[in-house]
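Here it is, the structure in full.
Quick note: the coordinates plus some simple rules give every number you see, no bench work behind them. For clarity, every value in this text was computed on a predicted model and none was experimentally measured. Cβ atoms come from the backbone with ideal geometry, glycine included; neighbour counts cover every protein chain shown.
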Amino acid sequence: MKKDIVILGAGTAGTMMSNHLRRALADDWSITVIDQRTEHHYQPGYLFVPFGVYEPEEIVKPIEKFIPHGVDLVLGEIDRIYPDHDKVVMGDGKEYNYDILIIATGTNIAPEEIEGMMGPHWHKDVFDFYTLEGAVALRDKLRKWEGGKMVINIAEMPIKCPVAPLELAFLADAYFEHRGMRDKVELVFATPMSGAFTKPKATEKLDYLLKEKNIKIVPDFNIMSVDGENKTITDYGGEEISYDILVSVPTNKGSDLMERSGIGDEINYVPTDRGTLQTKVKENIFAIGDATNIPASKAGSVAHFEGEILLENILRYVKGEALKEEFDGHANCFIETGHGKALLIDFNYTHEPVTGTFPFPGVGPLSLLKESRMNHMGKMAFKWIYWNMLITGRHLPFVSAQMTEAGKVFDD
Amino acid sequence: MEKTMAGTAIRVTEEGYLEDFNQWSAEVGAEIAAEEGITMTDEHWKVIDYIQDQYKNEVPLTIRKVGKSGVIDIKGFYALFPGGPLKKASRISGIPKPVSCI
Ligand SMILES: Cc1cc2nc3c(=O)[nH]c(=O)nc-3n(C[C@H](O)[C@H](O)[C@H](O)COP(=O)(O)OP(=O)(O)OC[C@H]3O[C@@H](n4cnc5c(N)ncnc54)[C@H](O)[C@@H]3O)c2cc1C
């Protein structure tokens, strides 16, 4: 008898899993992947759009191009999951039954969560860059801008790709310098964290870079509201910061679908076992990527590492075997620092990012937690790797799903 | 490392969070609060109770979750524990530093 796997979301993780599973499972399994959009966006590219490094066309491709033969792609909005009935119901009422469900619906910005953020000033003086529209609007604004105060703000943690706002600050510094107007721009980085980042060693390094680039950091700033008319943001403690341009990373939330289905936490992330990626909703529901509540970075690289482990666990589940608790929270992120350089960080649940070499211990060619041109080339190559290897579920050479401690300097 | 609080040796992390929740007592909590410049009131203790309850039930905490708890709203939470309310309240509660999922 035919059995069904349904994958919710055809972004980074959903597309990757549809490729993994089609290769691994025989024809008695039918695979369906559902998404509301027709376009797949290379989201890491949003960072470069405001500065004219990437054109929107380079980072958008049709979703169907990456879904393999033998997988059914369904377009439409998913309304609800009914775990007790093993079915998913679409906005138009259509139903899909499943034996195994994989949730890969990602996370998105929710600017409406911050009082006053939405309004006539949205995408005029107040921007996001976590959507293509936001990144394009910011690009158009910067092209005409003659200078003033640009404030970059993270509303609250967790956010996806938590280093992206810092990268935006670094790239803005380089961009204004390149245009010969750096002296006309004041750059401020206001964050709810107590430093540039959450992990101590990386924070030390990044705080230093902010200083070097003359970007003022305002730590422990927890935004409460935006006053679009007077161009100020206020935090819960009463502190105010004025701006000419506000680049915000608003609250990030999982899909509303979780709220409708009654299975998410208060920001719509799905409670998931951090080692096996099985959800706590029901044993035949798994989750991957930004949609889960596991304490790992929300990043494409993390989704990639999770994918190898989730594939194995689903194959075990199909055979009735015990799941492997293997996911260690491995993340690997380039941090673009401007002027053709970047840093690289590699870490997991228990090991913070440190200095060293990657992926070959002692050799590199990439250097951890240190600026280099090679790292920048790695970041740029990531776009090719993403379209050609990552979402099609190929193993990245030399990089293992679990973090390796070799080549790293842990105590200094 | 070890630190003497409320007359006993308590194991704490570099950042001053208790390593073992079992070593916590209200006196220890009040002493940590004092270090943070906070004088504990009934309002404070209600929040600490809630946070410890969540911790015992292994529910990860966020500022938003505390704000939705019915015990206090976000503004009030900030007013009681100015600066970094979740961090400060976690320290006073004797639970580990909140992991901001990065
Ligand atoms: C500015 C920026 C920079 C980044 N830089 C990096 C980087 O340098 N390196 C890195 O590794 N990662 C980076 N990331 C993060 C990375 O893009 C994400 O972590 C990754 O795409 C997550 O994949 P996902 O499959 O979980 O979610 P997504 O790729 O977002 O896919 C979710 C899909 O689900 C669909 N969906 C959601 N709800 C519904 C519904 N109700 N009905 C139908 N469909 C639905 C959506 O349409 C979407 O297609 C960056 C992200 C941003 C925004």
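Most fluctuating residue of A:Lys319, A:Lys253, A:Lys383 in a GNM of chain A with Cα springs under 10 Å: which is it?
Greatest mean-square fluctuation among the candidates belongs to A:Lys319.
Taking every DSSP beta bridge with both residues inside segment A:109-251, roughly what % is antiparallel (nearest 5)?
25 percent
A further question on this structure: Starting with the highest mean, order A:75-87, A:116-128 by the number of other Cβ atoms within 10 Å, averaged over the residues of each peptide.
Those peptides, ordered most packed to least, come out A:116-128, A:75-87.
Also, I was wondering about something else. Can you compute the label reach from A:Asp140? Point 7 Å from Cα along the Cβ direction, backbone N cut-off under 14 Å, restricted to segment A:43-72.
Label zone hits: A:50, A:56.
Okay, next question. When ranked by the protection proxy of mean other Cβ atoms within 10 Å per residue, highest first, what sequence do the peptides A:267-280, A:148-161 form?
Final packing ranking: A:148-161, A:267-280.
Is the shape of segment A:39-82 best called rounded, prolate or oblate, per the rule: a/c under 1.5 gives rounded, else a/b larger than b/c gives prolate, else oblate, with a ≥ b ≥ c the square roots of the Cα gyration tensor eigenvalues?
Judged from the Cα gyration tensor, segment A:39-82 comes out oblate (a/c at least 1.5, b/c at or above a/b).
Could I ask something else about it? Mark the label point 7 Å from the Cα of A:Lys211 along Cα→Cβ and return the residues of segment A:146-188 whose backbone N is within less than 18 Å of it.
Answer for this model: A:170, A:187-188.
Residue separation times 0.36 nm, minus the C-alpha to C-alpha distance between A:Glu266 and A:Lys184: what's the value?
Result: 25.3 nm gained on full extension.
So what's the back-of-envelope 222 nm ellipticity for the protein assembly as shown, counting only DSSP H runs of four-plus at -39500 (n - 2.57) apiece and dividing by all residues, rounded to 500?
The per-residue figure over the protein assembly as shown is -8000 deg cm²/dmol.
Tell me the volume per residue, in Å³, of the convex hull enclosing the alpha carbons of chain A.
In chain A, the Cα convex hull volume per residue is 138 Å³.
For A:Val399, what charge total do you get from the other residues with a beta carbon under 11 Å from its beta carbon, if Lys and Arg give +1 and Asp and Glu give -1?
-2
A:Ser225 versus B:Lys68, label points 7 Å from Cα toward the beta carbon: distance in nm?
Distance between label points: 2.3 nm.
Rounded, prolate or oblate: which fits segment A:331-409 when a ≥ b ≥ c are the square roots of the eigenvalues of the alpha-carbon gyration tensor, with rounded for a/c under 1.5 and prolate only if a/b beats b/c?
Oblate, because a/c is 1.5 or more while a/b does not exceed b/c.
What is segment B:2-93's relative contact order, in percent, from Cα pairs under 8 angstrom and six or more apart in sequence?
28 percent.
Taking each residue in A:217-223, count the Cβ atoms of any other chain within 10 Å of its Cβ, then average. What number comes out?
Mean shielding by partner chains, rounded to a whole number: 2.
Sort out for me the Cα centre separation of segment A:41-66 from segment A:140-168, rounded to whole Å.
18 Å
Taking only C-alpha pairs under 8 Å that are 6+ residues apart, what is the relative contact order of chain A in percent?
16 percent
Need one value for B:64-77: mean number of C-beta atoms belonging to other chains within 10 Å of its residues' C-beta atoms.
Mean partner-chain Cβ count within 10 Å for B:64-77: 2.
For segment A:180-316, what number results from the quotient of the Cα radius of gyration and 2.2 N^0.38 Å?
1.37
Does segment B:2-93 come out rounded, prolate or oblate by the C-alpha gyration tensor, with a ≥ b ≥ c the root eigenvalues, rounded set by a/c under 1.5 and, if not, prolate when a/b is larger than b/c and oblate if not?
Cα axes put segment B:2-93 in the prolate bin.
Give me the percent relative contact order of segment A:109-251, please, defined on Cα pairs under 8 angstrom at least 6 residues apart.
Relative CO of segment A:109-251 lands at 38 percent.
How large is the direction-averaged shadow of the alpha-carbon convex hull of segment A:109-251, in nm²?
For segment A:109-251, averaging the hull's shadow over all directions gives 7.9 nm².
Moving on. Less than 11 Å Cβ to Cβ from B:Ile92, Lys/Arg counted +1 and Asp/Glu -1: what total charge do the surrounding residues give?
0
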